[in-house]
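Participant: Quick one: structure below, then a few questions.
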Amino acid sequence: MTLIAMVSAKGSPGVSTAALAFTLTWPAPTLLAECDPAGGDLLSGYLARYELPTDRGVLPLASAALRGTAEQDFLSQLIDLDSPKRERLVLPGITDPAQAASLQPAWAHLGDFLANLPQTVLVDCGRLSAPHPPWPVLVRADLVLLVLRAHSIRTISPGVPALSRLRREMKDSPAHLGLMLIGGGIAAREIARHLVTPVLARLAWDPSTAAALCGSGRGRRTGPLMRTAATAYGSLHASLAARRQAAQPIERRDTDTLPAVKAAAR
Ligand SMILES: Nc1ncnc2c1ncn2[C@@H]1O[C@H](COP(=O)(O)OP(=O)(O)O)[C@@H](O)[C@H]1O
Ligand SMILES: [Mg+2]
């Protein structure tokens with residue numbers, strides 16, 4: 001239904017933490033796909049206490065996608081965070097960055113498969129500066145969020161080359177490109193102006209909740225990080241809806257201005 005890809009420019013601004021916070025708080029069925037070529041974090045972090053099997057996830061699903069059996073094999077590769085409801089699902093990532101190269105031929109199939117699922121799919125694509133970014137998945141996304149810490153010019157500046165690379169690699173993609181800021185510091189409108197890209201969401205700086213989501217610290221699911229993650233659902237989907245509406249031919253738009261436009265055309 002909706003594919004939202006999340007990436008960072010360099011460093012660790014908090015992509016995986018944000019993706020998990022979204023998955024845990026969003027009001028609609030959500031699937032988090034760990035497609036970071038440097039490896040997934042959930043099995044060894046947030047889910048470590050459950051001692052789950054490590055043989056399921058994106059790698060077997062990629063083989064299934066190449067064989068044409070992704071649909072049949074899909075459910076068995078997932079972890080249900082809210083069992084048995086299947087409303088907060090996780091597709092675990094690879095466990096060794098050496099496996100990233102073997103995912104390359106399957107990314108396009110996986111991107112198509114994920115984009116056609118009925119739930120909102122959040123894809124953690126990791127760092128753009130890492131080898132083998134999952135470009136076909138980014139190209140297939142409805143929305144690509146570049147995640148940056150808003151702390152200072154030093155944390156914002158890597159966004160400049162990252163955005164030019166994203167624009168270059170995704171030139172034929174209809175994906176909407178936006179920023180997601182982590183923490184306070186520089187004002188969102190300053191960052192948007194500097195990077196010539198809209199800020200679509202901002203998550204709170206909240207080390208204690210972030211530590212709990214990384215599998216350390218005591219679980220706390222009500223901190224500012226979770227509240228701002230829940231709020232981001234509305235702003236991201238509103239931005240996507242506005243984009244979709246703007247992309248429709250004018251006679252199909254469902255807007256208040258339509259009668260006026262028709263009258264003017266007569
Ligand atoms: N919103 C946040 N507030 C405070 N600390 C955070 C936040 N998001 C992430 N962190 C911390 O930053 C580190 C990197 O987070 P992670 O999500 O793994 O980054 P990335 O996926 O971008 O590499 C972790 O120690 C995590 O606890
Ligand atoms: Mg990560």
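The values are calculated or read from the model by the stated rules, or taken from the named source; none is laboratory data. What you see is a predicted model; the values in this text were computed from it and never measured. Note that each Cβ is placed from the backbone with ideal geometry, even for glycine, and that neighbours are counted across all protein chains shown. What goes into the accessible areas is simple: the full protein's heavy atoms, side chains included, and nothing from ligands, DNA or RNA. Shrake-Rupley method; radii C 1.70, N 1.55, O 1.52, S 1.80 Å.
Participant: Within the set of pairs 6 or more residues apart or between chains, which connect a residue that is over 14 Å from Ala229 (Cα atoms) inside region 177-205 to a residue that is at pLDDT below 95 and open to solvent by less than 40 Å² (accessible area, probe 1.4 Å) with Cβ atoms less than 8 Å apart?
Facilitator: Leu177/Met170; Gly178/Ser239; Pro198/Ser239
One line per residue, one yes/no per condition, for (1) surrounded by 24 or more Cβ atoms within 10 Å (Cβ to Cβ); (2) farther than 26 Å from Met180 by Cβ:
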{"position": "Cys35", "(1), (2)": "yes, no"}
{"position": "Asp41", "(1), (2)": "yes, no"}
{"position": "Tyr46", "(1), (2)": "no, no"}
{"position": "Arg49", "(1), (2)": "no, yes"}
{"position": "Pro60", "(1), (2)": "no, yes"}
{"position": "Gln77", "(1), (2)": "no, yes"}
{"position": "Leu122", "(1), (2)": "yes, no"}
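Participant: Go through region 1-13 and give me each residue that's open to solvent by 20 Å² or more (accessible area, probe 1.4 Å) and within 10 Å of ligand 1 (Cβ to nearest atom). Let's see the steps before the verdict.
Facilitator: Step one: of region 1-13, the residues open to solvent by 20 Å² or more (accessible area, probe 1.4 Å) are 1, 10-12.
Listed by number, the residues that qualify are Lys10, Gly11, Ser12.
Participant: While we're on this one: Provide a single number: the residues in region 22-58 that are of a type outside the set (A, V, I, L, M, F, W, C), within 16 Å of ligand 1 (Cβ to nearest atom) and part of a strand (DSSP E or B). Step through it out loud before you land on a result.
Facilitator: First, the residues of region 22-58 that are of a type outside the set (A, V, I, L, M, F, W, C): 23, 25, 27, 29-30, 34, 36-37, 39-41, 44-46, 49-51, 53-57.
Subsequent filtering for residues that are within 16 Å of ligand 1 (Cβ to nearest atom) retains 23, 25, 34, 36-37, 39-41, 44-46.
Adding the requirement that they be part of a strand (DSSP E or B) leaves 34.
Total satisfying the criteria: 1.
Participant: Residues in region 134-173 that are farther than 25 Å from Met1 by Cα and either in a loop (DSSP other than H, G, I, E, B) or open to solvent by 40 Å² or more (accessible area, probe 1.4 Å) (or both): how many?
Facilitator: Qualifying residue count for the region: 13.
Participant: Also: Can you tell me which condition Ala33 does not meet? The list is (1) small (Gly, Ala, Ser); (2) away from ligand 2 (no atom under 16 Å from the Cβ); (3) under 14 Å from the mean Cα position of the chain (by Cα), and all the others hold.
Facilitator: (2)
Participant: If you check Ala19 against the conditions, is it within 10 Å of ligand 1 (Cβ to nearest atom), open to solvent by 20 Å² or more (accessible area, probe 1.4 Å) and touching a residue at least 24 places away in the same chain (Cβ under 8 Å)? Walk me through it before giving the result.
Facilitator: Values: within 10 Å of ligand 1 (Cβ to nearest atom): yes; open to solvent by 20 Å² or more (accessible area, probe 1.4 Å): no; touching a residue at least 24 places away in the same chain (Cβ under 8 Å): yes.
Against the criterion (within 10 Å of ligand 1 (Cβ to nearest atom), open to solvent by 20 Å² or more (accessible area, probe 1.4 Å) and touching a residue at least 24 places away in the same chain (Cβ under 8 Å)), Ala19 does not qualify.
Participant: Could you please find all residues in region 124-133 being crowded, with 24+ Cβ neighbours inside 10 Å and small (Gly, Ala, Ser)?
Facilitator: The answer is Gly126, and nothing else.
Participant: Separate question: So which of Ala211, Ala201, Ala229 ends up being in a helix (DSSP H, G or I), under 17 Å from the mean Cα position of the chain (by Cα) and either buried (at least 21 other Cβ atoms within 10 Å of the Cβ) or within 11 Å of ligand 1 (Cβ to nearest atom) (or both)?
Facilitator: Values: Ala211 fails: under 17 Å from the mean Cα position of the chain (by Cα); Ala201 fails: in a helix (DSSP H, G or I).
Criteria check complete, one pass: Ala229.
Participant: OK, next. Is it true that Gly93 is within 16 Å of ligand 1 (Cβ to nearest atom), out of contact with any Lys or Arg (no Cβ under 7 Å at 6 or more places or on another chain) and at positive phi? Show your work before the answer.
Facilitator: Details: within 16 Å of ligand 1 (Cβ to nearest atom): yes; out of contact with any Lys or Arg (no Cβ under 7 Å at 6 or more places or on another chain): yes; at positive phi: no.
No; evaluated as a whole, the condition is false for this residue.
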